[in-house]
Structures are given as C-alpha cells and as structure tokens.
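The values are calculated or read from the model by the stated rules, or taken from the named source; none is laboratory data. Just so it is clear, the model here is predicted, and its values are computed rather than measured. A quick note on method: Cβ atoms are made from the backbone with ideal geometry, for glycine too, and the neighbour counts reach across all protein chains shown. Just so you know, the surface numbers come from the protein's heavy atoms only, side chains and all, with ligands and any DNA or RNA stripped out. Shrake-Rupley method; radii C 1.70, N 1.55, O 1.52, S 1.80 Å.
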Amino acid sequence: MTDTITLTGLVATTPRHLVTSEGLPITSFRLASTQRRYDRGAQKWIDGETNWYTVTAFRQLAVNVVGSVNKGQRVVVSGKLRVRDWESGDRAGTTVEVDAEAIGHDLTWGTSVFTRSVASAVANDAVLPTDRAAVGEGEEQAPDAERVSTEGDGADAGDAATPASTAFAA
C-alpha cells in the first residue's frame, strides 16, 4: 500500500542525478524533517526528533530538481511514501522513501524565482492543444512585440544557462 505524504525539511545531501541505460532521469537526495514547537515557559523554539527520508524524483521532475535544489535548502516534497525493512548480514533497519510527485522551495524561509521548463513532449515537436496558439495553429500569431520569448532564462552571462530546447525556458 502506498500513501501520499507532504513533508517540509532541509535537503541534507547534494542531489545525486543519473540517467539509466534506458534514458530515464533519476535524482535523489536525503531530507531531514524536524518538527518544532514553541515552549511558552522558556519562550523559545524547541526542536523535536528529526525524521530522515530518501526522496527520489523521476523524468522531468528529476531534471528540474538537479537544476534547482541544493544541499542546505528548505523544500516542500509531496509524493508516495514507501517504508521498507532491510537486512544485511547481522544488520537490519528500516528505510523510509518518498517517490516525489512535486518538489519546491519552502517559501516560509526565503524567496524563489520560477523558470518554466519545456516539457519533453513539446521539445520533441508534439503540439499539445493548449500550445496551438503559441505555435500559430488555429489563431493569428501575435506581433513580435507581444510574443513571449522562450530563448533566455534571465541568467547572467556568467551563469551556465541551459538552452530553451532542452531543460529550461522563461
């Protein structure tokens, strides 16, 4: 049985990205989630126990995570919870994993800038019904001054920006 869970926490490891031999992108990292409560008597915040999760993202989410999330950042993760018992020789334990469906920065702790990524279907010349106006099918195209550019991502010239046709676009 899988349950959906939403967590907030700190990215505890550098996200690890790989692509399988079949071409499936996978990114994973460890998430530390600590519950806090306010102690009115001491007039300070008290940390509770820390729960540790292995978060795994697949496909386009994996590509977006490796380009957006770094160790030490606070994030919100929603996905399917999997709890597994394991044994290895004389050692045994439990692993708690989340197959992520959505990951984003926790805006309680700071600000973030969103850059829309190009879906792989659109990058492969598949036109979705919602994209027909953007490519001029069925409607008159807007004049150049009114078109939204998807060529740059607003990054400084020194940044390693990814071309719009691969992973990220404005």
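Select, from 106, 85, the only residue that is surrounded by 10 or more Cβ atoms within 10 Å (Cβ to Cβ), within 30 Å of residue 52 (Cβ to Cβ) and at pLDDT 90 or above.
Working: 85 fails: surrounded by 10 or more Cβ atoms within 10 Å (Cβ to Cβ).
Answer to the selection: 106.
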Could you say whether any residue in the stretch 57-73 is among the hydroxyl-bearing types (Ser, Thr, Tyr), open to solvent by less than 30 Å² (accessible area, probe 1.4 Å) and within 21 Å of residue 117 (Cα to Cα)? no
Which of (1) closer than 16 Å to residue 99 by Cα; (2) open to solvent by less than 60 Å² (accessible area, probe 1.4 Å); (3) in contact with a Ser or Thr (Cβ under 7 Å, 6 or more places away or on another chain) does residue 6 not meet, given it meets every other one? (2)
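Can you work out which of the residues in the stretch 27-49 that are out of contact with any Gly (no Cβ under 8 Å at 6 or more places or on another chain) and under 17 Å from residue 81 (Cα atoms) is surrounded by the fewest Cβ atoms within 10 Å (Cβ to Cβ)?
Within the stretch 27-49, the match that is surrounded by the fewest Cβ atoms within 10 Å (Cβ to Cβ) is 30.
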Need pairs with beta-carbon distance below 7 Å; first residue farther than 30 Å from residue 38 by Cβ and within the stretch 48-68, second open to solvent by less than 30 Å² (accessible area, probe 1.4 Å) and among the β-branched types (Val, Ile, Thr); sequence gap 6+ or separate chains. 57/27; 57/65; 62/27; 65/27; 66/27
Any residue in the stretch 17-29 that's under 23 Å from residue 72 (Cα atoms): show its pairings with residues that are surrounded by fewer than 11 Cβ atoms within 10 Å (Cβ to Cβ) at Cβ separation under 8 Å, as long as the two are six or more apart or on different chains. 26/20
